[in-house]
Amino acid sequence: MLYPIMHAVGSTVYFMLFLLFLCARLVPRTNPGITFWAFAALAACCARLAMLLLPTEPDAASGLLWYAGFIALEKLLLLLGAFRFFGAVLLPSGRMVTDRWLYAAVVLLLCWIAAYGGLLLPRVAYDIGLATFNVLALLLLASAVYRSRIRLPQWIRRAFVSVVLLLTLHWSLIVPLYIWLLPDWRQQGFVFGTVLALLQYLLLLTAVIMLFCRRLTESEAKALELAYQDPLTGLSNKRYVDVLFGQALQLANRPHQALAVFYIDLDKFKPINDNAGHKTGDLVLQEVARRLKASLRSTDICARIGGDEFVVIATQIEQEQYVQEIAAKLLKQMQQPVEIDGHSYELGASIGVSLHPRHGLELAELLEKADSAMYQVKQQGRNGYRLYSGEERRG
């Protein structure tokens, strides 16, 4: 009575695994190994159905033959999927286990099963041949997972290898233990092997889901990076400055510390861009970005907000004189010639500065006033810096 229940439950669970793997295969850019695992689960389902629906007694009955054939197909598909998902297995000799080797092993086993079906081999030879094939296939599977370079949580890798090795031990003990020594325990042994095989598939499915989650996380991080980063210079963009400004304010709200916003507009950049070309202009902007990052502390924020316009937010300002020192340092960096393809280009910068909370509490207000001070520098001859005083007007 135990066998029919076990085969009915096993075939149902394997079929559900088949459907789950097929659903996973629908995800774009999914590893093709998952398709092989789906049909491996289907082959395992068919093997259980053969034992459930076809006669298994006496020896060489059709149920045993179909069961062995589907088990051979299952292991073939399982390994083909593993080689594509985890990578091929290298033998100690340095030779790689190829698909041809797997096909040859399955053909050899099918010939062995056919010989048993033709009553050319006794039942014990059938059992030994099927067990040997499964032991070798499972050892290859454990090796593929253990040596794989795919980034998987260690608990999944260890759990899978442990389950597969237990399943290998189970198959290696079938003939000496469950057939010769403890024949009354054969049903319990079959149940134990089925449970391990199902755990093996569930762990494979877990590995697939974990990789999906990691890919989703990485894609989300990449999307955020593209959304918040200037693609040309690698600096933050205006959108990211809006996000970071709240964090910068937390630093500014510490006792005796302020925050300064520097609005930087490059001088003499337009002639370079017009005369030397946009490619050279892009290289100049990249060099400017590199100099700005090198001039700032890790707590400061630097962003490109326009064609040749940059914003620096300096935090933890304890004295106003530090603002002038930072502005002078930034201006000096912008005044250094930029060497591009053997040509030297002279730049400069007009820098306007506003302070929080003296000139405003919101980023938009601080940027507006820093921009106003920068415009005043432009009006007075460029290539300098100015702290917003409230007297700036745009004409």
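The values are calculated or read from the model by the stated rules, or taken from the named source; none is laboratory data. Since we're looking at a predicted model, the values are computed, not measured. Cβ: placed from backbone, ideal geometry, glycine included. Neighbour counts: every protein chain shown. Protein only, heavy atoms only, side chains kept; ligands, DNA and RNA dropped before computing areas. Shrake-Rupley method; radii C 1.70, N 1.55, O 1.52, S 1.80 Å.
Close Cβ contacts (under 6 Å, 6 or more residues apart or on different chains) running from residues in the stretch 358-383 that are farther than 15 Å from Val323 by Cβ to residues that are open to solvent by 60 Å² or more (accessible area, probe 1.4 Å) and in a loop (DSSP other than H, G, I, E, B) comprise Tyr375/Arg394. Looking at (1) more than 46 Å from the chain's Cα centre (by Cα); (2) of a type in the set (Lys, Arg); (3) in a loop (DSSP other than H, G, I, E, B), can you tell me which one Arg358 breaks? For Arg358, the exception is condition (1). When the criteria are applied in full, Leu140 fails the requirement of being surrounded by 18 or more Cβ atoms within 10 Å (Cβ to Cβ), touching a residue at least 24 places away in the same chain (Cβ under 8 Å) and assigned to a loop (DSSP other than H, G, I, E, B).
Scanning the stretch 21-80 for residues being in a helix (DSSP H, G or I), over 28 Å from Arg215 (Cα atoms) and in contact with a Gly (Cβ under 6 Å, 6 or more places away or on another chain) gives a total of 4. For the stretch 114-134, the set of residues classified as within 44 Å of the chain's Cα centre (by Cα), without any contact (Cβ under 8 Å) to a residue 24 or more places away in the chain and open to solvent by 50 Å² or more (accessible area, probe 1.4 Å) consists of Thr132 only. Selection of the stretch 20-43 for residues being at pLDDT 95 or above and more than 18 Å from Ala207 (Cβ to Cβ) yields Leu42, Ala43.
For the stretch 151-178, the tally of residues that are open to solvent by 40 Å² or more (accessible area, probe 1.4 Å) and either within 17 Å of Lys75 (Cβ to Cβ) or β-branched (Val, Ile, Thr) (or both) stands at 4. Within the option set Ile351, Ile326, being β-branched (Val, Ile, Thr) and open to solvent by less than 20 Å² (accessible area, probe 1.4 Å) holds for one residue only, Ile351. Residue pairs whose Cβ atoms lie under 7 Å apart, separated by 6 or more positions or on different chains, with the first residue in the stretch 287-305 and touching a residue at least 40 places away in the same chain (Cβ under 8 Å) and crowded, with 20+ Cβ neighbours inside 10 Å and the second outside any strand (DSSP E or B) and of a type in the set (D, E, K, R), are Cys302/Lys293; Ala303/Lys238; Arg304/Asp230.
Yes/no per residue for (1) in contact (Cβ under 8 Å) with a residue 24 or more places away in the chain; (2) outside any helix (DSSP H, G or I); (3) out of contact with any Asp or Glu (no Cβ under 7 Å at 6 or more places or on another chain):
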position: Arg100; (1), (2), (3): no, no, yes
position: Tyr103; (1), (2), (3): yes, no, yes
position: Trp112; (1), (2), (3): no, no, yes
position: Leu136; (1), (2), (3): yes, no, yes
position: Ser148; (1), (2), (3): yes, yes, yes
position: Phe160; (1), (2), (3): yes, no, yes
position: Leu169; (1), (2), (3): no, no, yes
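Note on the stretch 191-234: residues that are part of a loop (DSSP other than H, G, I, E, B) and either surrounded by 14 or more Cβ atoms within 10 Å (Cβ to Cβ) or touching a residue at least 24 places away in the same chain (Cβ under 8 Å) (or both) total 4. Tell me yes or no: at least one residue of the stretch 67-89 is among the β-branched types (Val, Ile, Thr), open to solvent by 10 Å² or more (accessible area, probe 1.4 Å) and free of Cβ contacts under 8 Å to residues at least 60 places away in the same chain. Within the stretch 67-89, not a single residue is among the β-branched types (Val, Ile, Thr), open to solvent by 10 Å² or more (accessible area, probe 1.4 Å) and free of Cβ contacts under 8 Å to residues at least 60 places away in the same chain.
Here the condition is being open to solvent by less than 80 Å² (accessible area, probe 1.4 Å), farther than 19 Å from Glu365 by Cβ and acidic (Asp, Glu); of Asp308, Asp265, it holds for Asp308 alone.
The criterion of at least 1 residues that are of a type in the set (Phe, Trp, Tyr) is met by the following helices (runs of 4 or more DSSP H) wholly inside the stretch 235-324: 238-252, 269-276.
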